Amino acid sequence: MVRQLFHKIMTALILMVFTAIGASGQQQVESYKFDVGIGLGASGYLGDANASNMFKHVGLAANAGVGYLFDSRWSARAKLSVASLSGNTADFDNVLPEGAQYSFKSNVYDLGLRGECNFFAYGIGETYKRLRRWSPYLSLGIGCTMSSTGGDTFFAMNIPMGVGVRFKLSPRLNLNVEFSMTKVFGDNVDSKELTDLYNIKSSFMKNTDWYSMLTVGISYEFGPRCVTCHRID
């Protein structure tokens, strides 16, 4: 029963994708200035309770954002992300002072602004621009992290870095897969107990925490752009 339901859902999704792709070739293509989207996936953590295997304890991640599309290659995006993180020092070979062991679970809230650059001119139609229906992209920005664990709340600035691939299902709909790493300017994303465990003062490169997200998302474009060139297929 479950397998049959899964097959039906997958078939319906595949039909929706191909229907959107077919419809995009039958309508006049417009260019849009804004998009809004959501994503869902997995989260990971690197810090005092996990020095190497980022996805040793996989958590859940979700995000929502709105973007301004400057052109087919460049965009700016405001993004709100939520992730669950966890770790346990007992999973790894490194020995802490006095043989201590720690574990944690935390919820992370991330609000940031970033720029995105497509490798290719991205879009549908306007063949004189050599647009492509898919493109890898890079992102870089600045943001703020709020972490909540054990009744404590921690705030810090961060730098999110990402790489992904996006694909146009239709002139307005986009599908994307993205992997991001976020560098936090602090050492309390996990918990206060996991601060400077080796009595080495935290710095930009030492002891500060990282978290990652691997998400699949969909976005919708709106706000037709003023067309200045009339050579639109």
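Summary of values
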quantity: Long-range HN-HN contacts of Leu60 with modeled amide H, under 5 Å; calculated: Ser43, Ser84
quantity: Share of carbon and sulfur in the accessible heavy-atom surface of region 116-166 [1.4 Å probe, %]; calculated: 66 percent
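The values are calculated or read from the model by the stated rules, or taken from the named source; none is laboratory data. Owing to the predicted nature of the structure, the values given are computational and were not obtained by experimental measurement. What goes into the accessible areas is simple: the full protein's heavy atoms, side chains included, and nothing from ligands, DNA or RNA. Shrake-Rupley method; radii C 1.70, N 1.55, O 1.52, S 1.80 Å.
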